[in-house]
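S.K.: I have a structure here, written as structure tokens, and I will follow up with some questions on it.
Each value in this text was obtained by applying a stated rule to the coordinates, not by laboratory testing. Since we're looking at a predicted model, the values are computed, not measured. Note that each Cβ is placed from the backbone with ideal geometry, even for glycine, and that neighbours are counted across all protein chains shown.
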Amino acid sequence: MTEIELSVNPHSGELVVRGADPALLTTLVAQLGRGKDLDCGECPLSVTGQSEIAAPETPGLVRVAGFIHQSMVDGPGLRSVLFMQGCHLQCTPYCRNSYIHDSREGTLMTVEAVLGELLRPDLPRDGITISGGEPLRQAQACAELVTRLKIAGMHVVVYSGFTFEKLARSTDPTIRRVLALADVIVDGPFVAALHDRRLAYRGSSNQRIIDLKATRTTGELRLLQVD
């Protein structure tokens, strides 16, 4: 049975719905009006446009698409989630998060402001998730956020449309810092043919939930067993 999550972001008042079937979505649209999609774990990717990972950034600033608090589907436990704006992986026109892809859109926020929202003291959480878009398109900002969140004692999950192997081969010091500090990375593109709603924290079976701490300790890739 598919788990449906309904939650209200207490900061914005937005209703967040995850895992709803078409019938429920139709009912919600009829009652509340049309919303927008946030789950970039289900963005179909083509194999082109993946040669470069990071893009030029303005130091100290993060281009943000939005936040979700008290999520139960973006990593273990109850989590606050940052969606970073911008994705250059050439998703199909039917991508559910197409509005997040344009790196010129979203809201520019300071790292301090983003941390302030993610670490709000009025909301309980077991950890922080950084999603998108493609977070490592803003590798410098992502690395700074992960560094500061680990200093604050947070469990950190990062989502990326790139595979762990591609990221591990990068010589970009900011990407290497993310891999050296984050606790978990959910890697790889969503593949529609491999879509499975029974999977935890990801949209298709090719995507992996990699235990970075265990991988660093053993020197071998280790998956987090959650299904």
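S.K.: Taking the number of other C-beta atoms within 10 Å as the exposure measure, put Ile130, Ile151 in order starting with the fewest. Could the numbers behind the result be given before it?
M.R.: Values: Ile130 30, Ile151 9.
In order of increasing Cβ crowding within 10 Å: Ile151, Ile130.
S.K.: In addition: Ranked by Cβ crowding within 10 angstrom, fewest neighbours first, how are Ile53, Ile185 ordered?
M.R.: Ascending number of Cβ neighbours within 10 Å: Ile53, Ile185.
S.K.: What is the order of Asp211, Asp196, Asp122, Asp187, fewest Cβ neighbours within 10 Å to most?
M.R.: By the 10 Å Cβ count, ascending: Asp122, Asp196, Asp211, Asp187.
S.K.: Please work out how much length the chain gains when fully extended from Asp196 to Thr110, using 0.36 nm per residue of separation minus the C-alpha to C-alpha distance, in nm with one decimal.
M.R.: Working it through step by step, the gained length comes to 27.3 nm.
S.K.: Return, for the Cα atoms of segment 170-227, the radius of gyration and Dmax in Å, separated by a comma.
M.R.: Cα radius of gyration and Dmax of segment 170-227 are 12.7, 36 Å respectively.
S.K.: Another question about this same structure. Using R₀ = 35 Å, calculate the FRET efficiency as 1/(1 + (r/R₀)^6) where r is the Cβ-Cβ separation of Leu61 and Gln225; round to 0.05. Before the final figure, lay out the partial values.
M.R.: Details: r = 37 Å, r/R0 = 1.06.
In this case the efficiency is close to 0.40.
S.K.: Applying 1/(1 + (r/R0)^6) with R0 = 35 Å to the Cβ-Cβ distance of Arg169 and Leu32, what FRET efficiency is obtained, to the nearest 0.05? If you can, show how the numbers build up before the last one.
M.R.: Numbers: r = 45 Å, r/R0 = 1.29.
Plugging the Cβ-Cβ distance into 1/(1 + (r/R0)^6) gives 0.20.
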